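Below is one structure; the comments refer to it alone.
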2 protein chains.
Amino acid sequence: MKQEIPYKIYLEEQEMPKQWYNVRADMKKKPSPLLNPATSKPITLKELSGIFCEELARQELDDSTPYLDIPDEIRDFYRMYRPSPLVRAYCLEKKLDTPAHIYYKFEGNNTSGSHKLNSAIAQAYYAKKQGLKGVTTETGAGQWGTALSMACSYFGLDCQVYMVKCSYEQKPFRREVMRTYGAKVTPSPSMNTEVGRKINAEFPGTTGSLGCAISEAVEAAMTQEGYRYVLGSVLAQVLLHQSVIGLETKAALEKYGIKADMIIGCAGGGSNLGGLISPFAGEMLRGEADYEIVAVEPASCPSLTRGVYAYDFCDTGKVCPLSKMYTLGSSFIPSANHAGGLRYHGMSATVSELYDQELLTARSVEQTEVFKAAQIFARVEGILPAPESSHAIKVAIDEAVKCKETGEAKNIVFGLTGTGYFDMVAYQKYNDGEMRDYIPSDEELKAAFAKIPKIKE
Amino acid sequence: MKQEIPYKIYLEEQEMPKQWYNVRADMKKKPSPLLNPATSKPITLKELSGIFCEELARQELDDSTPYLDIPDEIRDFYRMYRPSPLVRAYCLEKKLDTPAHIYYKFEGNNTSGSHKLNSAIAQAYYAKKQGLKGVTTETGAGQWGTALSMACSYFGLDCQVYMVKCSYEQKPFRREVMRTYGAKVTPSPSMNTEVGRKINAEFPGTTGSLGCAISEAVEAAMTQEGYRYVLGSVLAQVLLHQSVIGLETKAALEKYGIKADMIIGCAGGGSNLGGLISPFAGEMLRGEADYEIVAVEPASCPSLTRGVYAYDFCDTGKVCPLSKMYTLGSSFIPSANHAGGLRYHGMSATVSELYDQELLTARSVEQTEVFKAAQIFARVEGILPAPESSHAIKVAIDEAVKCKETGEAKNIVFGLTGTGYFDMVAYQKYNDGEMRDYIPSDEELKAAFAKIPKIKE
């Protein structure tokens, strides 16, 4: 195998982005503002600063500044694992016998195992800078909690993680990674918070939900002096921090004169997808280039492909600001059979608006075919992918196979957000032939849609 | 933090070694030859080719050729994850407030999670080239089995792994990674082999041992047409393949004009240590340079620091060739309380001979202090290290602290062989304060030494 383009395109450390890119600045029609759940009016900086650190609240509300400097302290941390490689999938191309050129931006080369660390370290930094004692958060599968515990450990911040009880019990290893990094991990619902005690009393023996864990984490932040709540996806500030993925991808492609035809990312809350596509979407918004951008979501939680575009609650407890987004309704919970992650009921407001403006398309895929794609990829590319990331792999493979039929040598770029080392229960199900697909019925969705609040813009 | 040397020194792909280095070629006194267990005479190429593929048997016996070309097919695979980074541990240095400069060669950036892949892919390649159908092996903790299953999957070889039954049950995730790569994983002792059936009959309910799994894997190779047995450590061929670690380390140091003062590696069977130090030891043997080389082993399995230098069996079943090595006796089994890996009773013949010639020193460390070092490292360097690798971290930290006392700005280089994602049970024990140390008594060792065969050279 001879090639001019190396297997892994590594940028030099000095080529690592010095600024994050805020795609909202280039959008003529901006994402709709967050609303205060008490008043249904756009939330103010002061109000938002009660939940988030001030600088993060400022970033959340700033939809006009295109570039923000990445503080040196964050860049120093990024240097531990960034620039991350853009890998040319030569072996996958060979396996598929496709004329397409496949590239993936690999964000799993850090101990948290995913791209979540890019925003975790930023959020921890601003919390530290504000003089806070610590932060609270929730975690489901544990990628975000792991990333945040690493970030807090680095800056000497207390880190309190409310972990959905069933994950806490079923994923003890994720929990131990967090504890190794000094985080306090509490199964949710707990007896630490009022909302937790209430839910425990109402539903004895409940194994918890993400919505409940969010409510507990928010309450814990509000009731402890010197604490704020942090969140790993959905928010505009998270997309801002995650733009480092797209900026590096773009720089790496440009280094070798490659023009992407298609950019594919998995989409749960939108943190990875938004980060990956931001600079490319920016070019499209400015009329400088054109790309085919595809968001891939699970058929079991299809917010873009089957949801509605409306203001909705971000959490089940309805304590967080309301966001206009593609949503299945905050009462929607994907089947427990769904092992592939990306379980959030809504989608980042920015990604939602870009989707509404038709800058990207969306596809939903079923989990057995996602794991099949994961296995093909793992066997030839030598990386065991996270189930979430494998949604993007599935579509990248589909597109490369299409190229074989048409003879097109498309440049396909996708985001490989993380590794699947802590998802072996799901892989086992697949290996044993016991994995089942699940698609919510129209009736189920209709019932969830009915609970979305009616808010006029 | 400003520096001329980047956090991560990446060689370019074209700087990746084109040849492996065979340190035995530069040794005036060679390691003693392997003996046929039936005759106690040096084993012949023909005899050895019954167990290993021919080319690997040839490599095993060749102690005079200094450099061997790495076949292109293997280099293509290496490109997936090599060159691996040599990382300057700036954050650890800062944490320790030491004038020392600490570097680590990180071999965990591949899905197998360790350096084992460097030899697995070579062994699979030669098996494929010889037209074999598949290979058999044993695995304990699972790093080697994982690496081999990846390598076999790449070349389309059948891979049969005998996994020590207690690990098979306690480490289901490792097992699932192997299955995802298409390997057949059998808990050992099994009913597939004569030796397995015999042991099951003799010790009903036994949870197995590495020695027994080796015997089953060897029997399985001998009794199936087109199969050979492969091994992930101890052998000279493995050290040869692992020399890629040391060669890259040396090239990366030279790229920035850094002269290592001290080179530290963890030592179980010697595959990582031997690979890391080979090119440096070669310089010492040729009188071109001097280094302080330190092998670090667990106090619970101290073959170099407390063993004897003698011919011994490599396996409990006594079917493999005899090797002259530092050994605790093939009947020695470290306490089940020992979670830190590196459980092999003997040491690579080459490392043993270098140690006997005083080219390196050895230290033993206890596991609680190893996990303490692992935690310090994880929190500042952002990598969750394997317990095995953490033995080297422990000594690197000790040495850096000494430098603080003396004011010396030593260049300390150590091998970080892998990640600890599948070792969270051990981390949990440590996090819960339930980890205990274990040092074998003199009487225990004496009893094991007594069973070492008396063979005259």
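The values are calculated or read from the model by the stated rules, or taken from the named source; none is laboratory data. Keep in mind that what you see is a predicted model, and the values were worked out from it rather than measured. When we count neighbours, we look across all protein chains shown, and the Cβ atoms used for this are built from the backbone with ideal geometry, even at glycine. The protein model used for the area step is the full one, side chains on, heavy atoms only, and it has no ligands, DNA or RNA in it. Shrake-Rupley method; radii C 1.70, N 1.55, O 1.52, S 1.80 Å.
Scan region B:11-18 and tell me whether some residue there is within 22 Å of the chain's Cα centre (by Cα), crowded, with 18+ Cβ neighbours inside 10 Å and either within 14 Å of chain A (Cβ to nearest Cβ) or of a type in the set (S, T, Y) (or both). Yes, there is a match, as at least one residue in region B:11-18 is within 22 Å of the chain's Cα centre (by Cα), crowded, with 18+ Cβ neighbours inside 10 Å and either within 14 Å of chain A (Cβ to nearest Cβ) or of a type in the set (S, T, Y) (or both). What about A:E13, is it out of contact with any helix residue (DSSP H, G or I) (no Cβ under 8 Å at 6 or more places or on another chain) and touching a residue at least 40 places away in the same chain (Cβ under 8 Å)? Taking the combined requirement at face value, the residue satisfies it.
Screening A:C152, A:C166 for residues that are open to solvent by 10 Å² or more (accessible area, probe 1.4 Å) and in contact with a Gly (Cβ under 8 Å, 6 or more places away or on another chain) leaves exactly one candidate, A:C166.
Take B:D398 and tell me if it is modelled with pLDDT under 95 and out of contact with any strand residue (DSSP E or B) (no Cβ under 6 Å at 6 or more places or on another chain).
Working: modelled with pLDDT under 95: no; out of contact with any strand residue (DSSP E or B) (no Cβ under 6 Å at 6 or more places or on another chain): yes.
Spelling it out, it is not the case that B:D398 is modelled with pLDDT under 95 and out of contact with any strand residue (DSSP E or B) (no Cβ under 6 Å at 6 or more places or on another chain).
Only one of these is more than 14 Å from chain A (Cβ to nearest Cβ) and surrounded by fewer than 18 Cβ atoms within 10 Å (Cβ to Cβ): B:E54, B:E60, B:E73. Name it.
Working: B:E60 fails: surrounded by fewer than 18 Cβ atoms within 10 Å (Cβ to Cβ); B:E73 fails: more than 14 Å from chain A (Cβ to nearest Cβ).
Answer to the check: B:E54.
With respect to the conditions (1) open to solvent by 40 Å² or more (accessible area, probe 1.4 Å); (2) of a type outside the set (A, V, I, L, M, F, W, C); (3) modelled with pLDDT of 95 or more; (4) part of a helix (DSSP H, G or I), A:P99 lacks only one, and its number is (4). Residues in region A:227-239 that are open to solvent by less than 10 Å² (accessible area, probe 1.4 Å) and touching a Cys at 6+ places or on another chain (Cβ under 9 Å): 2 in all.
Total residues in region A:227-245 satisfying the condition of being out of contact with any Leu (no Cβ under 9 Å at 6 or more places or on another chain) and assigned to a strand (DSSP E or B): the figure is 1. All conditions but one from (1) within 14 Å of another protein chain (Cβ to nearest Cβ); (2) part of a helix (DSSP H, G or I); (3) at pLDDT 95 or above apply to A:A127; the one that does not is (1). Restricting attention to region B:130-143 and to residues that are of a type in the set (A, V, I, L, M, F, W, C) and at pLDDT 95 or above, the residue that is nearest to B:V230 (Cα to Cα) turns out to be B:V135.
Restricting attention to helices (runs of 4 or more DSSP H) lying wholly within region A:384-457, give those where 1 or more residues are hydroxyl-bearing (S, T, Y) and surrounded by fewer than 18 Cβ atoms within 10 Å (Cβ to Cβ).
Values: elements: A:387-406, A:424-431, A:442-449.
In region A:384-457, A:387-406 are the helices (runs of 4 or more DSSP H) which contain 1 or more residues that are hydroxyl-bearing (S, T, Y) and surrounded by fewer than 18 Cβ atoms within 10 Å (Cβ to Cβ).
All conditions but one from (1) surrounded by fewer than 20 Cβ atoms within 10 Å (Cβ to Cβ); (2) modelled with pLDDT under 90 apply to B:C314; the one that does not is (1).
Given the criteria crowded, with 24+ Cβ neighbours inside 10 Å, modelled with pLDDT under 95 and of a type in the set (A, V, I, L, M, F, W, C), does A:C212 qualify? The answer is yes for A:C212. In this structure, is B:G113 facing another protein chain (nearest Cβ under 9 Å), closer than 23 Å to B:D423 by Cα and not polar (S, T, N, Q)? Yes; evaluated as a whole, the condition is true for this residue. Taken over region A:29-46, the criterion of being touching a residue at least 12 places away in the same chain (Cβ under 8 Å) and either farther than 23 Å from A:I455 by Cα or in a helix (DSSP H, G or I) (or both) is satisfied by A:L45 alone. I'm trying to understand the selection: among the residues of region A:240-265, which are in contact with a helix residue (DSSP H, G or I) (Cβ under 7 Å, 6 or more places away or on another chain) and open to solvent by 10 Å² or more (accessible area, probe 1.4 Å)? A:L247, A:K250, A:A251 - these are the residues of region A:240-265 that are in contact with a helix residue (DSSP H, G or I) (Cβ under 7 Å, 6 or more places away or on another chain) and open to solvent by 10 Å² or more (accessible area, probe 1.4 Å).
Any residue at all in region A:128-147 that's over 20 Å from the mean Cα position of the chain (by Cα), open to solvent by less than 10 Å² (accessible area, probe 1.4 Å) and not assigned by TED's automatic domain parsing to the domain that holds A:A336? Can you show your working first?
Going through region A:128-147, the residues over 20 Å from the mean Cα position of the chain (by Cα) turn out to be A:128-134.
Now narrow it down to the ones that are open to solvent by less than 10 Å² (accessible area, probe 1.4 Å): A:134.
So of that shortlist, the ones also not assigned by TED's automatic domain parsing to the domain that holds A:A336 come out as A:134.
Yes, region A:128-147 contains at least one residue that is over 20 Å from the mean Cα position of the chain (by Cα), open to solvent by less than 10 Å² (accessible area, probe 1.4 Å) and not assigned by TED's automatic domain parsing to the domain that holds A:A336.
Give the number of residues within region B:87-100 that are more than 9 Å from every other protein chain (Cβ to nearest Cβ) and among the hydrophobic types (A, V, I, L, M, F, W, C). Don't jump to the end; show me each part of the working.
At the first step, the residues of region B:87-100 found to be more than 9 Å from every other protein chain (Cβ to nearest Cβ) are B:88-89, B:92-100.
If we keep only those that are among the hydrophobic types (A, V, I, L, M, F, W, C) too, we end up with B:89, B:92, B:96, B:100.
Of the residues in region B:87-100, 4 are more than 9 Å from every other protein chain (Cβ to nearest Cβ) and among the hydrophobic types (A, V, I, L, M, F, W, C).
Checking the structure you have, find out if any residue of region B:342-365 is in contact with a helix residue (DSSP H, G or I) (Cβ under 9 Å, 6 or more places away or on another chain), within 14 Å of chain A (Cβ to nearest Cβ) and either under 29 Å from B:H241 (Cβ atoms) or open to solvent by less than 30 Å² (accessible area, probe 1.4 Å) (or both). Taking every residue of region B:342-365 in turn, none turns out to be in contact with a helix residue (DSSP H, G or I) (Cβ under 9 Å, 6 or more places away or on another chain), within 14 Å of chain A (Cβ to nearest Cβ) and either under 29 Å from B:H241 (Cβ atoms) or open to solvent by less than 30 Å² (accessible area, probe 1.4 Å) (or both). Return the residues of region B:377-431 that are within 14 Å of chain A (Cβ to nearest Cβ) and basic (K, R); say none if nothing qualifies. Of everything in region B:377-431, those that are within 14 Å of chain A (Cβ to nearest Cβ) and basic (K, R) turn out to be B:R379, B:K429. Being basic (K, R) and farther than 19 Å from B:S188 by Cα is the filter here; which residues of region B:308-364 pass it? Passing the criteria: B:K324, B:R363.
Taking A:S84 as the residue in question, decide whether it is in contact (Cβ under 8 Å) with a residue 24 or more places away in the chain, among the polar types (S, T, N, Q) and within 14 Å of chain B (Cβ to nearest Cβ). Step through it out loud before you land on a result.
Details: in contact (Cβ under 8 Å) with a residue 24 or more places away in the chain: yes; among the polar types (S, T, N, Q): yes; within 14 Å of chain B (Cβ to nearest Cβ): yes.
So A:S84 fits the description; yes.
Just the residues that are among the β-branched types (V, I, T) and farther than 20 Å from B:C314 by Cα, please, taken from region B:184-239. Can you show your working first?
Going residue by residue through region B:184-239, those that are among the β-branched types (V, I, T) are B:185-186, B:193, B:195, B:199, B:206-207, B:214, B:218, B:223, B:230, B:234, B:238.
If the condition is that a residue be among the β-branched types (V, I, T) and farther than 20 Å from B:C314 by Cα, then B:V185, B:T186, B:T206, B:T207, B:T223 are the ones that fit.
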